[in-house]
Amino acid sequence: MTRVTSEPTDATSLDEAIRRAADILAAASYTVVLAGAGISKESGIPTFRGDGGLWTIHGEPPLNQFETFSADPRRWWERRLDDPDPNGFAASIDQASPNAGHTALVELERMKVVRHVISQNVDDLHRRAGQQSLTEIHGNRHWLRCMTCGSRWPKAEFIVDPLALPPMCAQPGCDGVVKSDTVMFGEPIPVEALFRSSEETRLADCFMTIGTSAVVYPAAQYPVEAVRRGLPLIEVNPEVTPLTDVATAIIRAPSGVALPALVDALRARREGNGTGSW
């Protein structure tokens, strides 16, 4: 299969890469997407790594976050309530809105081109944009989760009493401790998220990565598994990644440029055949 790439400054190559990716998507029936921090960066949310990243500026958080929480959840909650946003990350999320990449990805779902999105982001922007088939593999900072039964609640619907910490599960018969839904360093990813991601990858006949460095596991394993099965891989990223060498089509553009262009290209195909389908 011919590999097509593009450079951000080369309009001809970019158009060719868009057409090639659209051809691949049109021929597929079950495309699964892995979305990373790059798509959120376009909404003004800083990444963790790299130039200007939160961890570059403030230093990486301790790798034993979950161990610390588990040892003394009350103390963790006291610190969280005392200083809920030490690095300004929450404020950047709360002020952000879904961008053109998010809305185009939702449109690709409505067109039944994209069947599922595995998101590495915790900012809730995919859900707010309208994505329906979604796994947030690293959790969602707007939600809370019981450590025992796995029940989840929006923060706005769960009252945390500062005089009764840590908060406990609201499900009858469960006495589990409640924590933020965001997966901490050292914390196992919830089995439900892993199972859903694996199952969707198994169903896929095409895979697309968007704005991900493809170095954080286990999320990065899903496109690798798809390639090992011989599936076409579309990479949407302004930067080179470890997946670049195995990608079938590479769109060197941000998602806010690439995804709306893919929507337009796929619509043109549908209109061109006059049947409303591929």
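Restricted to the stretch 9-42, and to residues there that are among the acidic types (D, E) and modelled with pLDDT of 90 or more, the residue that is surrounded by the fewest Cβ atoms within 10 Å (Cβ to Cβ) is D15.
Matching residues to (1) closer than 22 Å to A104 by Cβ; (2) in contact (Cβ under 8 Å) with a residue 12 or more places away in the chain:
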{"residue": "C206", "(1), (2)": "yes, yes"}
{"residue": "I210", "(1), (2)": "yes, yes"}
{"residue": "G230", "(1), (2)": "no, no"}
{"residue": "V240", "(1), (2)": "no, no"}
{"residue": "V246", "(1), (2)": "no, yes"}
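The listed residues are R110, R141, R145, R127, and the only one of them that is under 23 Å from G38 (Cα atoms), in contact (Cβ under 8 Å) with a residue 40 or more places away in the chain and among the charged types (D, E, K, R) turns out to be R141. Is it the case, given these coordinates, that T244 is of a type in the set (V, I, T) and more than 18 Å from the chain's Cα centre (by Cα)? When the stated conditions are applied, T244 passes them. For the stretch 149-164, filtered to residues that are part of a loop (DSSP other than H, G, I, E, B) and in contact (Cβ under 8 Å) with a residue 12 or more places away in the chain, the residue that is farthest from T135 (Cα to Cα) is P162. When the test is whether a residue is within 19 Å of the chain's Cα centre (by Cα), crowded, with 16+ Cβ neighbours inside 10 Å and either in a helix (DSSP H, G or I) or modelled with pLDDT of 95 or more (or both), F207 passes it.
When S180, S198 are checked against the criterion of being under 22 Å from N121 (Cα atoms), free of Cβ contacts under 8 Å to residues at least 40 places away in the same chain and hydroxyl-bearing (S, T, Y), a single residue qualifies: S198. The listed residues are I234, I189, and the only one of them that is aliphatic (A, V, I, L, M) and crowded, with 17+ Cβ neighbours inside 10 Å turns out to be I234.
Please enumerate the residues belonging to the stretch 165-179 that are surrounded by fewer than 20 Cβ atoms within 10 Å (Cβ to Cβ) and in a strand (DSSP E or B). M168, V177 - these are the residues of the stretch 165-179 that are surrounded by fewer than 20 Cβ atoms within 10 Å (Cβ to Cβ) and in a strand (DSSP E or B).
From the list E271, E235, exactly one residue is charged (D, E, K, R), closer than 26 Å to P46 by Cα and out of contact with any Asp or Glu (no Cβ under 8 Å at 6 or more places or on another chain). Which is it? Only one candidate qualifies: E235. In the stretch 247-261, the qualifying residues are those that are in a helix (DSSP H, G or I) and within 19 Å of the chain's Cα centre (by Cα), and the one that is farthest from R20 (Cα to Cα) is G256.
Which residues, taken from the stretch 180-199, are touching a Gly at 6+ places or on another chain (Cβ under 7 Å) and not in a loop (DSSP other than H, G, I, E, B)? Selection gives E192 alone.
The values are calculated or read from the model by the stated rules, or taken from the named source; none is laboratory data. Note that this is a predicted model, so its numbers are computed, not measured. As a convention, Cβ positions derive from the backbone with ideal geometry for all residues, glycine included, and neighbour counts pool all protein chains shown.
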